[in-house]
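See below for the structure under consideration.
What follows draws every value from the coordinates through simple rules; no lab data is involved. Keep in mind that what you see is a predicted model, and the values were worked out from it rather than measured. Note: ideal-geometry Cβ built from the backbone for every residue, glycine included; neighbour counts use all protein chains shown.
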Amino acid sequence: AVLGGNTIRSGGVVQAAGTAQQQAAGVSGDTPARHAEYWLQAGEGVPEPELVQLMADNAPAAIDFMTSIGVVYETVYGVGPIPYVDPDLMVDRIHVPGAGPEVGGGVNAFNKLVEEAEAQAVDIRLSAPARALIEDEDGRIVGVRAEIDGATYHIRARRAVILATGGFDNNKEIARQLSPQLLWELETGISYCTPENTGDGILMGMDVGADLAGVGGTIGVPGVSLGAGPLAPGLPTVPGVWVNTFGQRFVNEETHYSYAMRAVFDQQQHIAWAVFDETIKGLGGAAVGGIWGAWSEDLSEEIASGKVKTGATIEELATAIDVSPEGLAQTLQSWNEGVGNGMDSVFGKQQGLQAIDTGPYYATRVTSVNLGSCGGLRIDSQCRVIDVTGAAIAGLFAAGMVAGGYIGPYYPGSGTAVMGTIVFGRIAGKAAAAA
């Protein structure tokens with residue numbers, strides 16, 4: 001019933017390289033080629049190089065376009081570290097739009113797009129769900145079947161149909177088939193995605209033979225601040241470490257958020273615990289609870305509900321969370337020795353280097369705040385939807401998160417999705433207008 005989807009729930013940030021904003025922030029020498037190489041290395045060989053390069057090459061022009069309609073990008077920051085990505089490629093590329101007087105950056109940026117569309121007399125119909133694509137006798141997509149005010153309409157396209165319906169963020173059945181990590185995150189964590197993102201466009205495309213690309217990844221964000229790196233500059237770092245059921249650390253907790261959540265999912269039974277002590281608890285519920293919602297100041301409510309487990313000793317805590325007592329004791333001993341030497345001797349963590357040695361001890365499950373699915377309909381460089389034989393489906397285009405192939409097995413950093421909507425949306429629009 002409203003415009004905006006996940007974009008108006010986001011901060012509206014976008015990734016781009018070689019922009020004036022980036023240079024003003026002190027980043028020089030960056031290029032779209034380097035940006036594409038970053039995305040490809042993070043993608044572990046899954047993304048289609050042509051689409052990734054296309055997005056990187058067109059990102060600066062997308063920034064210019066958004067600026068031309070009134071969006072002001074005020075700051076630029078970077079993605080958290082990913083172990084196997086060349087550090088030289090990890091520079092500040094995340095452009096942050098300014099907010100409006102009463103709305104956040106994502107809403108403000110999207111409202112500028114709506115204003116531009118209205119100025120060009122685009123006919124927008126809300127509460128008019130599309131149910132199916134319409135094919136002619138030659139297999140060309142010529143329109144959609146939609147429901148408006150309880151009646152069924154068959155709407156003919158003048159040139160082509162563009163799907164821009166978002167992902168399958170809240171569809172557990174699609175996730176069960178295509179994205180096990182998304183299913184786990186929906187069942188054990190919470191979703192911040194718009195409820196209407198249930199994969200409708202993907203299903204409509206599949207119904208006319210469309211192929212899929214890049215499915216399986218998800219935009220997972222740790223639902224705890226303990227041990228994790230800050231999601232954006234200016235947010236506090238809360239000490240702590242994550243352990244699996246063997247009591248062992250398995251990832252640099254401050255690494256890029258979606259890489260970290262993929263690592264959590266990869267653990268036995270997808271179980272990970274954020275472990276901390278009385279000193280860290282003393283930081284207070286507002287700090288320990290993090291940006292997703294402050295806890296009670298002394299954590300008494302969380303302890304009473306079982307959200308936070310506790311033990312007078314490390315061994316008692318291990319028993320309370322059903323992890324190996326020997327493993328947990330060894331992990332904390334190694335951590336504390338490293339911190340005493342000013343380092344994380346296992347993963348090289350740089351922040352939150354604080355000993356965990358003052359009982360009682362505490363732990364809470366590392367669950368996800370999910371921000372969306374990854375992957376969708378296969379597209380080519382013109383955003384034409386590709387069928388299972390490798391041929392373009394005449395008259396059908398797709399852009400944004402309904403399309404797939406440009407993101408790998410985990411989300412490669414804030415600003416990728418919104419930039420994908422802008423870049424591929426502009427390409428799809430031009431290609432459809434010429435169809």
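May I ask for the net charge around Ile386, where only other residues with Cβ less than 14 Å from the Cβ of Ile386 are counted and Lys, Arg are +1 while Asp, Glu are -1? Mind dumping the intermediate values first?
Working: positive: Arg378, Arg384; negative: Glu48, Glu50, Asp211, Asp380, Asp387.
My count for the surroundings of Ile386 gives -3.
Ala391 versus Leu203, label points 7 Å from Cα toward the beta carbon: distance in nm?
Rounded to a tenth, the inter-label distance reads 2.7 nm.
What number comes out for the charge environment of Asp344, summing +1 per Lys or Arg and -1 per Asp or Glu over other residues with Cβ under 11 Å away? Mind dumping the intermediate values first?
Numbers: positive: Arg249, Lys349; negative: Glu253, Glu254, Glu337.
Charge balance near Asp344 sits at -1.
Can you tally the lysine pairs in the chain where the Cα-Cα distance is under 28 Å and the two residues are eight or more apart, or on different chains?
Lysine pairs satisfying the spacing and distance rule in the chain number 7.
Can you compute the modelled spin-label distance between Thr358 and Ile155, with each label point 7 Å from Cα toward Cβ, in nm?
Label at Thr358, label at Ile155, 6.1 nm between them.
Under a crude label model (7 Å from the Cα following the beta-carbon direction), how far is Thr31 from Asp86 in nanometres?
Calculated label separation equals 1.1 nm.
If packing is taken as the average count of other Cβ atoms within 10 Å, what order do 278-290, 181-193 fall into, highest mean first? Numbers along the way, then the final one.
Working: 278-290: 17.8, 181-193: 20.2.
Ranked by mean Cβ neighbours within 10 Å, highest first: 181-193, 278-290.
Summing Lys, Arg as +1 and Asp, Glu as -1, what charge do residues with Cβ under 11 Å from the Cβ of Leu353 carry, Leu353 excluded?
Around Leu353, the surrounding residues sum to -1.
Starting from 0.36 nm per residue, how many nanometres of slack lie between Ile69 and Leu283 once their C-alpha separation is accounted for?
Result: 72.7 nm gained on full extension.
Percentage of Cα-Cα pair distances in the chain greater than 30 Å, rounded to whole percent?
46 percent
Compute the helix-to-body angle for 325-340: its Cα long axis versus the longest principal axis of the chain, expressed 0 to 90° and rounded to tens.
It works out to around 90 degrees.
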